[in-house]
């Protein structure tokens, strides 16, 4: 089951599309039944040889776009042609989380590197990357927030925030009058940006009034054990999800009071993987869906009520659909082939450059289950 944990997800035709952390296995998950299907994108299987971390997903015109920190690239899946290619970005500074945002305007994707003072632009019509220097001085971006056609950018350890206009490709700067540190996530709701830092402090930036105020501070210890990771608005509540800590907090917007969430499924647990417990997510009009990053349940949050709903994943892997195609074949892997998941070619057992035998693949599938 741990082989099908994933750092991020995107909604595709009423299912969640994701890429496994261990080896980049593409999956589709039914978010009602929880069934994870490895086969509907083609009879392919990739042996996990390294970690694959998608910082951001997006989809447009039946294609999926993924910012892959591990390989430092923009990966593009064509779901109709069942093909895949990647564009190298040159933004690798750390093992993961090298990007701060992926935002689309018409036929262009704007990519914000986390540790660089530039914006990359992917042009869908030409499959090319151009770049523009940011009119700011930022060594590191803490977090961003999309509001209409602007991206609000919060630099590390800063008392200012930039608003980057995606149409004009220029930014304005706003004085926060307060140094904000260790911020990890920001969301927009009803004219305000809500900013969460690791220790559970929540700041509200009123866009029209250009005013910043602290609205909640959780009674947590500011260390890695209690670090927070994500914040969403649902049902007149702010729901705070942990990075490594055990507790989910729910803040009532009317009273400002925070309570610890307790209503987990009886068999709920987190894997001790070292990954953040909650990182990537996607949404539609009714729900937020948080990636299956470190737990045995996927989290769905209803927007109207703020109810937390837990989905138990089920792996639809055997039944002959993979085994029949893999027992007499060997998959050879390289950095290029890992990207081109739909065009991997089988290699005969007797080939001199073989890496993995069918039996080894069979045993590996057994370990997964």
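Just so you know, all these numbers are worked out from the coordinates, no wet-lab data involved. This is a predicted model, so every value here is computed, not measured. Methodologically, a virtual Cβ is constructed for each residue, glycine included, from the backbone with ideal geometry; neighbour enumeration extends over all protein chains shown.
Can you tell me how the range 261-302 classifies by the Cα gyration tensor, rounded, prolate or oblate, using a/c under 1.5 as the rounded cut?
Working: a/c = 2.78, a/b = 1.33, b/c = 2.08.
Note, shape of the range 261-302 comes out oblate.
Full extension of the chain segment joining residue 173 with residue 259 gains 27.4 nm, where the gain is 0.36 nm per residue of separation less the Cα-Cα distance. Computed as a quarter of the hull surface, the mean projected area of the alpha carbon convex hull for the range 151-234 stands at 6.1 nm².
Between residue 206 and residue 37, the simple label model (points 7 Å from Cα in the Cβ direction) yields a spacing of 5.0 nm.
On full extension, the segment bounded by residue 217 and residue 127 gains 27.9 nm, given 0.36 nm per residue less the C-alpha separation.
For the range 67-221, the ratio of Cα radius of gyration to the globular rule of thumb 2.2 N^0.38 Å stands at 1.11. The Cα-based radius of gyration of the range 63-131, divided by its Kirkwood radius, gives an Rg/Rh of 0.95.
In this calculation the C-beta distance from residue 269 to residue 13 is compared with R0 = 35 Å, giving a FRET efficiency of 0.70. Spin-label pair residue 136-residue 92: with each label point 7 Å from Cα along the Cα-Cβ axis, the two points sit 2.6 nm from one another.
Ellipsoid fit via the Cα gyration tensor, the range 157-316: semi-axes of 28, 18, 16 Å, each the root of five times an eigenvalue, largest first.
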